[in-house]
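Read the structure below first, then the notes.
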Amino acid sequence: MFERKKYKSFALQQLKNRWTVPVLITLITTVILEIFNIPAVIRMLRNPDFIDLLNSDITDIYSYYESYSRITNESSPLLSRLITAVVTGILDMAGINVYLKMSRSPEKVSMGYFFEGFNLWARALLATLWKYLWVFLWSLLFLIPGIIKSIAYSQMFYILNEYENVSVTKAMRISMLITNGHKWDLFVTHLSFIGWAILCCFTMGIGFFWLEPYINMTLTNAYHAMMKEALVSGKLRPEDLTE
């Protein structure tokens with residue numbers, strides 16, 4: 001049983017008095033990834049449409065920047081997108097290391113857990129490329145199959161972080177197994193944060209530094225629940241996670 005409201009409520013309890021590290025992680029991750037947007041920002045600043053916006057409301061400027069960055073990234077060379085995806089994957093793996101620690105204990109966490117997560121950079125790199133390849137192949141059929149498979153593979157990094165003996169290919173298979181019957185639930189869980197995301201846009205994006213930890217903590221709780229369900233039902237055996 002997938003209890004989305006329970007996972008979200010529990011996430012807020014887990015983050016209470018422990019927001020600092022997750023917010024810092026979000027800030028660091030954002031700054032690193034925005035470095036890849038510098039060429040796009042330079043082109044945007046030279047764009048006549050942007051110059052005309054300088055006297056507009058700050059939210060209009062922020063919305064234009066978001067749209068321009070997204071379009072530029074989608075039209076960038078494949079190699080550039082791959083590099084960005086790999087860097088994002090490594091940062092995500094480091095962040096997941098923190099959220100898993102927070103989900104297991106009420107004790108305060110330190111930035112050391114984030115930096116510790118970078119030791120898994122090789123697994124993150126391989127997992128990102130393997131996932132990217134299969135999502136791309138499924139997307140060739142149509143957009144929807146690509147989205148479905150992306151959700152099916154979404155638990156790979158949690159599994160690779162928790163179980164050091166599980167290979168990347170096996171992590172993908174396990175992720176597909178535990179998300180079976182819950183892909184729509186995960187999709188709706190992401191959609192349930194849209195209201196907060198809209199409100200964050202009116203803060204020039206600053207609110208996202210708190211929204212991201214909320215989302216990630218919720219998804220971590222969902223991962224634990226799906227893994228437990230798979231083990232209890234017998235779909236997944238404990239030895240599958242140690243071999």
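The values are calculated or read from the model by the stated rules, or taken from the named source; none is laboratory data. Here the structure is a predicted model, which means the values were calculated and not measured. Note: ideal-geometry Cβ built from the backbone for every residue, glycine included; neighbour counts use all protein chains shown. Surface accessibility is based on the protein's heavy atoms, side chains included, excluding ligands, DNA and RNA. Shrake-Rupley method; radii C 1.70, N 1.55, O 1.52, S 1.80 Å.
Quick notes on this structure:
- Taking the average, over residues, of other Cβ atoms within 10 Å as the packing measure, peptides 140-151, 82-93 rank 82-93, 140-151 from highest down.
- Note on exposure: Lys170, Lys235, Lys183 ranked by accessible area (1.4 Å probe, complete protein assembly) read Lys235, Lys183, Lys170, with the most exposed listed first.
- Whether the stretch 142-243 is rounded, prolate or oblate, judged on the alpha carbon gyration tensor where a/c under 1.5 counts as rounded: prolate
- Across the protein chains, with a 1.4 Å probe defining accessible surface, the residues Arg18, Arg81 rank Arg81, Arg18 from largest area downward.
- Label-to-label distance, nm, for residues given as Ser139 and Ala85 (7 Å Cα→Cβ offset): 0.6
- In order along the stretch 99-115, the phi-based Karplus estimate (6.51 cos²θ - 1.76 cosθ + 1.60, θ = phi - 60°) of 3J(HN,Hα) comes to 5, 5, 5, 5, 6, 8, 9, x, 5, 5, 9, 10, 5, x, 5, 5, 5 Hz; Gly and Pro are listed as x.
- Amide proton proximity set for Tyr163, modelled H, under 5 Å, gap of 5+: none
- Over 24 Å apart at the Cα level, from the set Lys108/Lys235; Lys108/Lys170; Lys5/Lys228; Lys16/Lys149, are Lys108/Lys235; Lys108/Lys170; Lys16/Lys149.
- Accessible-area ranking of Tyr223, Tyr132, Tyr214, largest first, probe 1.4 Å: Tyr132, Tyr214, Tyr223
- Stokes-Einstein D for the stretch 184-243, Kirkwood Rh over Cα pairs, 20 °C, 1.002 mPa s (µm²/s): 159
- Shape of the stretch 93-209, Cα gyration tensor, a/c cut at 1.5: oblate
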